[in-house]
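The values are calculated or read from the model by the stated rules, or taken from the named source; none is laboratory data. The structure presented is a predicted model; accordingly, all values stated were derived computationally and were not measured. Cβ: placed from backbone, ideal geometry, glycine included. Neighbour counts: every protein chain shown. In case anyone asks, the SASA skips ligands and DNA or RNA and just uses the protein heavy atoms, side chains included. Shrake-Rupley method; radii C 1.70, N 1.55, O 1.52, S 1.80 Å.
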Amino acid sequence: MIKKFSFLMMFCVAFSFASRGQNIKYEEFDLDNGLHVILHQDNSTPIVTVSVLYHVGSKNEPEGRTGFAHFFEHLMFEGSPNIGRGEYFKIIEAAGGSLNANTSPDRTFYFQTLPSNQLELGLYMESERMLHAKIDSTGIATQKEVVKEEKRQGVDNQPYGTILEKMLKNAYAGTNYEWSPIGSFEDIDAATDKDFVDFYEIFYVPNNATLSIAGDFETEEAKKLIEAYFGEIKRGTKTIPRPSITAPKLDGKVEETVFDNVQLPAVIQGYRMPPQGTEDYYALQLVTQLLSGGQSSRFQKVLVDEKRMALGVQVVPLALENGGLFINFALPNQGYEVGDLEKEMDILIEEIKNDLVPEREFQKLMNQIENNFISGYGSVQSIAESLANYHVYFGDAELINTEIERYRKVSREDLMKVAKKYFVPENKVVLTYRPKSEQEKPTEAKIKKEGGNN
């Protein structure tokens with residue numbers, strides 16, 4: 001019954017926002033303890049999302065403590081002095097809600113979507129997490145095993161699951177973007193309980209958080225509840241590390257061959273991008289659409305449909321607060337090598353450098369971008385998250401209504417300019433994935449030579 005209710009509510013909200021196409025109204029303010037609050041009231045559907053974004057991700061971790069932010073994504077569901085261990089999910093689901101969290105290199109985001117008469121419950125649960133989450137040896141031991149299993153299933157034993165890990169390591173070596181949010185088993189295992197408590201006290205504080213609420217509520221009532229549940233939480237007193245990240249110089253194209261548990265080889269190109277929100281960033285988003293935005297995109301049309309060199313091609317721009325990666329992923333068709341496919345991908349990229357995109361094709365890209373922008377706010381959850389993101393990353397929540405203008409300023413000449421600037425060998429990482437069965441095995445002669453006559 002809960003699942004049916006949630007699905008119906010989310011569908012109604014998606015239809016409501018997608019069909020209106022009007023500005024999203026909101027109100028924002030700060031509590032005395034530094035907690036930033038953003039409220040978007042919409043009474044069209046009886047659900048509400050309560051979310052908290054903490055400005056901490058894997059890039060805030062000191063070397064030797066990788067994986068902490070992602071670990072806390074799990075650990076902070078352990079409960080509190082007032083919420084029993086393992087009860088967090090049960091309480092929300094029993095109230096007819098759903099919940100989740102995610103971690104990136106730049107932030108950690110928690111959200112719960114509830115029937116609107118459960119707003120106070122959502123605020124209570126998040127305030128408990130912020131005030132005194134349960135950080136003890138039992139919870140730490142439990143979540144260590146959970147995170148290890150997640151890494152085994154989602155990274156180590158997942159076909160091509162190490163792409164992000166390998167890409168970041170090669171593209172951002174020597175910086176805090178070098179490791180992915182999942183981190184390493186060794187660092188988590190080596191940490192003490194005190195290390196975890198210290199991390200919590202530094203980052204999971206009101207002055208490093210944004211509370212964003214969207215949906216069916218009355219603003220004045222919500223303000224009173226927010227003050228009641230969050231007002232007395234003390235401001236954090238420890239310095240919050242904000243690493244400055246500059247992409248290291250690469251001596252030409254960086255290449256790595258990965259022998260993995262895959263059936264098919266793959267080629268992955270990664271070009272380092274400028275930080276999200278910059279002018280070049282928006283131009284590169286249009287290049288993404290040009291190469292991989294639907295069935296008529298250039299990669300799809302040429303590599304898959306016409307030349308049948310690829311089984312599939314996808315462009316995935318990884319936007320980051322202090323950088324990013326423009327990632328091209330391709331699976332070669334039978335009879336073609338990854339090297340052949342990569343050369344053809346490079347030819348299509350060179351065309352963007354040398355020829356202006358035709359006006360008609362450019363207008364199609366703009367239409368796709370505008371459609372994606374509007375449809376991206378098809379739920380109260382997406383609105384709550386976007387408002388928080390815009391405030392944290394840009395200091396301007398109003399971008400939820402105006403960022404589209406930044407895309408509209410991009411010209412055909414800008415696409416050519418960014419292609420020439422970023423799609424160059426000294427900014428490029430290439431990963432080639434091959435089945436483990438292809439990995440060269442030491443011959444008998446080599447073994448004898450290395451082992452002597454013993």
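Computed values, structure above
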| quantity | calculated |
| --- | --- |
| Residue match in segment 204-220 (condition: outside any strand (DSSP E or B), surrounded by 14 or more Cβ atoms within 10 Å (Cβ to Cβ), modelled with pLDDT of 95 or more and polar (S, T, N, Q)) | yes |
| Check on Lys420, open to solvent by 70 Å² or more (accessible area, probe 1.4 Å), at negative phi and of a type in the set (D, E, K, R) | yes |
| Residue that is assigned to a helix (DSSP H, G or I) and in contact with a strand residue (DSSP E or B) (Cβ under 8 Å, 6 or more places away or on another chain), where the choices are Phe77, Phe72 | Phe72 |
| Subset of segment 257-298 that is open to solvent by less than 20 Å² (accessible area, probe 1.4 Å), among the hydrophobic types (A, V, I, L, M, F, W, C) and assigned to a loop (DSSP other than H, G, I, E, B) - its residue that is modelled with the highest pLDDT | Met273 |
| Filtered residues of segment 320-341 (kept if buried (at least 17 other Cβ atoms within 10 Å of the Cβ), free of Cβ contacts under 8 Å to residues at least 40 places away in the same chain and assigned to a helix (DSSP H, G or I)) | none |
| Given (1) among the β-branched types (Val, Ile, Thr); (2) open to solvent by less than 40 Å² (accessible area, probe 1.4 Å); (3) without any contact (Cβ under 8 Å) to a residue 24 or more places away in the chain, number of the condition Ile400 does not satisfy | (3) |
| Residue check for Gln158: outside any helix (DSSP H, G or I), among the polar types (S, T, N, Q) and open to solvent by 20 Å² or more (accessible area, probe 1.4 Å) | yes |
| Of all residues making up segment 162-182, the number that are open to solvent by less than 10 Å² (accessible area, probe 1.4 Å) and touching a Gly at 6+ places or on another chain (Cβ under 8 Å) | 4 |
| Test: residue in segment 80-92 that is on the phi > 0 side of the Ramachandran plot, open to solvent by 30 Å² or more (accessible area, probe 1.4 Å) and not in a helix (DSSP H, G or I) | yes |
| Qualifying position, being closer than 23 Å to Leu325 by Cα, open to solvent by less than 20 Å² (accessible area, probe 1.4 Å) and either in contact with an Asp or Glu (Cβ under 8 Å, 6 or more places away or on another chain) or not aromatic (Phe, Trp, Tyr) (or both), among Thr103, Thr66 | Thr66 |
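Residues are listed down the side, and each one gets a yes or a no for (1) touching a residue at least 60 places away in the same chain (Cβ under 8 Å); (2) in a helix (DSSP H, G or I); (3) in contact with a Lys or Arg (Cβ under 8 Å, 6 or more places away or on another chain):
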{"site": "Leu303", "(1), (2), (3)": "no, yes, no"}
{"site": "Val315", "(1), (2), (3)": "no, no, no"}
{"site": "Lys343", "(1), (2), (3)": "no, yes, no"}
{"site": "Phe373", "(1), (2), (3)": "no, yes, no"}
{"site": "Tyr407", "(1), (2), (3)": "yes, yes, no"}
